[in-house]
Amino acid sequence: MVDYVRAQERRTGWLLTIPAIAVLALVFAYPILRAVWQSFFTINLGNQLSPAFTGLDNYARMAQDGRFWNTLWNTTIFTLATVSLELVLGMGIALVLNQSFRGRGIVRTIAILPWALPTALIALAWTWIFNDQYGVVNDILLRLGLIQTGINWLGNPTLAMISVIVADVWKTTPFISILLLAGLQSIPSDLYEAQAIDGASPWQSFRQVTLPLLLPQIVIALLFRLAQAFGIFDLISVMTGGGPGGGTETVSLYIYATVMRYLDFGYGAALVVVTFLLLVLVVAIASFFLNRSRKRASGAV
Amino acid sequence: MNKKLELVDLRKAYTPTVVPVKDISLSVGAGEFLTLLGPSGCGKSTILRLIAGLEQPSSGKVLLNGQDVSRLSPGDRNIAMVFQSYALYPHMTVYENIASGLKLRKTPSGEVQSRIHEVADFLGLHELMHRKPGQLSGGQRQRVAVARTLVRRPDVFLLDEPLSNLDALLREHVRAELKQLFGSQNTPVVYVTHDQTEAMTLSTRVAVLNNGYLQQLDTPERIYTEPANRFVAGFIGSPQMNFLQVKCEAGRAIVGNSRIPLPLGSNTKEIILGIRPEHVHVAQSSNEPALDGQVFLVENLGMHNLVSVRIVSGEEPITVRALLGMEHRLATNAPVRLAFPPDSINWFDVGTGDRVEATTPSMVRNG
Ligand SMILES: Nc1ncnc2c1ncn2[C@@H]1O[C@H](COP(=O)(O)OP(=O)(O)O)[C@@H](O)[C@H]1O
Ligand SMILES: [Mg+2]
């Protein structure tokens, strides 16, 4: 009897997931498989966009493509810098917002504003902030006497990278802090009281209670941000367009240029495939290590 | 008495109007089990949190072994507390939970192991050591929470309604366990509950609280037999004590057609007569002081019937409840004569609600 009911339920369950699977297949699996297929062809202006099967030629070309390796390097730097900065700052802000003080509601609302604004607008604003003639940053530094002449922030590869990182951290930290704040609020306060009675310092309580109990939220934030930062496009596209001299060009920008500007569809598809696989690999490795540390923190062997 | 823990005029005001603890003074000696008993919201937990240092008093002092600890942080007081929710760390095993307090206090690891082993023996926790709190039953969690305080060997144990999350049967069982456990050691215990049975069974002394005020601090026996005021009399004992407001004449209370002598020396016009349902009985003879009434509800409690009787005398009808043996087969609407043995009567002042006792030299100031 029970088995029959179970089987029936399972069948209904499968039926109900079919639409979702179909949608996923259509918008997710199809484009990826299509890109994989296209990456085995040469389709560019050189052959009047008529596809010619060339096997792994596109991949061989990629291995020799200095610009590709450069963008991969830029993407990695950008991802590591922004994600770690955002996590640390987001944690700090979440801890502050979790305290009760007057006007906390308003401060919380203000704190998420940067994340709610459109990226393109924010990117424009930051372009002006870092402007060498009229920018606020240079103005402040000049007034403080820290520099003698205005710095051309977006005109130097390293400084431009720092600028886009700062802009991204400013925009995305609120997202992490709100996510972590939700986790902090689910930790019962009597755990901290038990710690206080046992003589724990705030730092010890943070290590022994907050961090392990917040790990699920940290993992989600990390995976989410890793994937997002690796595919960064809009912010950098508006602020520097990938310049100067490719100093801030990320993989996404390079793919965009390859496909939309050089109309090199086959090679663009190969770039997409490799980026996609790299991203899957990074997220898989990250989630493996995070899961392991979570298990260790939660005491399960 | 050797005072281990002392509260001196302890007061806590969260806001000018929210004052859950009002000038409480009491002391607990070695080996004592003091219960703070009172209805929900009367400030019991707040007192416990003041002792622990989780709250700062607005005025007054907390003394631990004669030393003022009011300004010390909780970690510097050497107290241990069982929370109502148990406050077990969900990500740690039972062993780690029990060890956490010792490790924070930098106890040598050999010592940690031997103490935990001892407590685990005592509470039968060995099989559970590697489980997480989420994999334990309510009773097991409660025992882990108790174990966590025991290994600490504190100067005083604080327990905040530790049985309230257990089902009735388990509660009775764990109550007996707690009594054995804390009875066999010498560290004072302050125990908070709103359950009078727990207070009566566990305590060496009970502090009854209401509205932030200490109502009575006494042994369980005296709390029951000589309640200090109407609140204590009504709060302790189930079913509740009967209260009758009666007129007095020439040092005697007029109860129906009989006159019951008042405590020596009182000459009021009115007084409150309090008598517990278990002390009311069916009158045996017609010259016994008694009240005529009519049964209107019989509740079977197994060993006794709880009989509610409407007294017909006087202006407004009053209801008296009596615990009567099953041999009285009383039907609804049957007439019944209830006798109040004078020895079992408690008298309370109509105005203040305080207990009225025979005037002795020390009580003269009560007039
Ligand atoms: N942090 C607080 N801020 C304001 N009021 C509080 C706070 N904690 C408790 N109270 C109030 O103090 C009163 C006593 O609370 P408590 O000591 O928890 O009662 P209980 O006797 O049920 O344990 C309650 O009315 C409660 O609302
Ligand atoms: Mg309470």
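The values are calculated or read from the model by the stated rules, or taken from the named source; none is laboratory data. Only a predicted model underlies this, so the values are computations on that prediction, with no experimental measurement involved. When we count neighbours, we look across all protein chains shown, and the Cβ atoms used for this are built from the backbone with ideal geometry, even at glycine. Note: accessible area is taken over every heavy atom of the protein model, side chains too, but ligands, DNA and RNA are not part of it. Shrake-Rupley method; radii C 1.70, N 1.55, O 1.52, S 1.80 Å.
Quick look at the values:
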read-out: Selected from B:Pro263, B:Pro342, B:Pro108 as most flexible by GNM, with chain B as the system and alpha-carbon contacts under 10 Å; value: B:Pro108
read-out: Eligible aspartates and glutamates near B:Lys269 by straight Cα distance, threshold 15 Å, same-chain separation 8 or greater; value: B:Glu249, B:Asp349
read-out: Contour excess over end-to-end distance, with Cα ends at B:His117 and B:Ala30 and 0.36 nm allotted per residue; value: 28.8 nm
read-out: For the protein assembly as shown, alpha-carbon Rg over 2.2 N^0.38 Å; value: 1.46
read-out: Length-normalised contact order for chain B - Cα pairs under 8 Å, 6+ apart - percent; value: 15
read-out: Kirkwood Rh (inverse of mean 1/r, distinct Cα pairs), region B:232-348, angstrom; value: 14.6
read-out: Antiparallel %, DSSP beta bridges [both residues in chain B], to 5; value: 75
read-out: Kyte-Doolittle mean at least 0.5, axial Cα span of 30 Å or more - DSSP H helices of chain A; value: A:66-97, A:157-185, A:265-297
read-out: Rounded Å value of the spacing that divides the Cα centres of region B:262-294 and region B:117-151; value: 52
read-out: Rg and Dmax [Cα atoms of region A:179-301; Å; Rg one decimal, Dmax integer]; value: 21.1, 67
read-out: Cross-link partners of B:Lys132 among lysines (Cα-Cα below 30 Å; sequence separation of 8 or more within a chain); value: A:Lys295, B:Lys103, B:Lys106, B:Lys179
read-out: Shielding by other protein chains, A:187-195, mean Cβ within 10 Å; value: 6
read-out: Rounded accessible area per residue of region A:1-137, 1.4 Å, Å²; value: 69
read-out: For residues of B:338-346, the mean tally of beta carbons on other chains within 10 Å; value: 0
read-out: Spatial separation of Cα centroids for region B:1-40 and region A:206-251, in angstrom; value: 54
read-out: Degrees, to the nearest 10: B:109-123 long Cα axis against longest axis of chain B; value: 30
read-out: Cα-based Kirkwood hydrodynamic radius, chain A, one decimal, Å; value: 22.9
read-out: Drop in accessible area of at least 50 Å² in the complex versus isolated chain, residues of region B:67-85, 1.4 Å probe; value: B:Phe83
read-out: Whether region B:66-116 is rounded, prolate or oblate, judged on the alpha carbon gyration tensor where a/c under 1.5 counts as rounded; value: oblate
read-out: Shielding by partners, peptide B:88-97 (average Cβ within 10 angstrom, other chains); value: 5
read-out: Prolate/oblate/rounded label for region B:4-231 (Cα gyration tensor, a/c 1.5); value: prolate
read-out: Quarter of Cα convex hull surface for region A:87-230, i.e. mean projection, nm²; value: 11.4
read-out: 15 Å cut-off, amide nitrogen to a point 7 angstrom out along B:Thr225 Cα→Cβ, residues in region B:256-284; value: B:276, B:279
read-out: Computed FRET value (nearest 0.05) for A:Arg61 with B:Ser164, which takes r as the C-beta separation and R₀ as 45 Å; value: 0.05
read-out: Contact surface A-B: accessible area buried, both sides summed, square angstrom, 1.4 angstrom probe; value: 1700
read-out: Rel. contact order, % - alpha carbon contacts under 8 angstrom, at least six apart, chain A; value: 29
read-out: Contour minus Cα-Cα distance for B:Ser85 and B:Ser184 (0.36 nm per residue); value: 33.1 nm
read-out: Å² per residue, accessible surface of region B:4-231 at 1.4 Å; value: 41
read-out: Chain lengthening between A:Tyr262 and A:Ala7 when straightened (0.36 nm per residue, less Cα-Cα); value: 86.3 nm
read-out: DSSP beta bridge pairing in the protein assembly as shown, given as percent antiparallel to the nearest 5; value: 80
read-out: Surface/4 estimate of mean projected area, convex hull on alpha-carbon atoms of region A:179-222, nm²; value: 2.9
read-out: Inter-label distance, nm, simple model (7 Å from Cα along the C-beta direction), A:Val96/A:Ile151; value: 2.3
read-out: Mean Cα-pair separation over length for region A:197-301, i.e. relative contact order, pairs under 8 Å, 6 or more apart, %; value: 28
read-out: Inter-label distance, nm, simple model (7 Å from Cα along the C-beta direction), B:Met129/A:Val136; value: 6.0
read-out: Where Rh is the Kirkwood radius over Cα pairs, Rg/Rh for region B:14-95; value: 0.99
read-out: At R0 = 41 Å, FRET efficiency that the Cβ-Cβ distance of B:Glu177 and A:Arg108 yields, to 0.05; value: 0.35
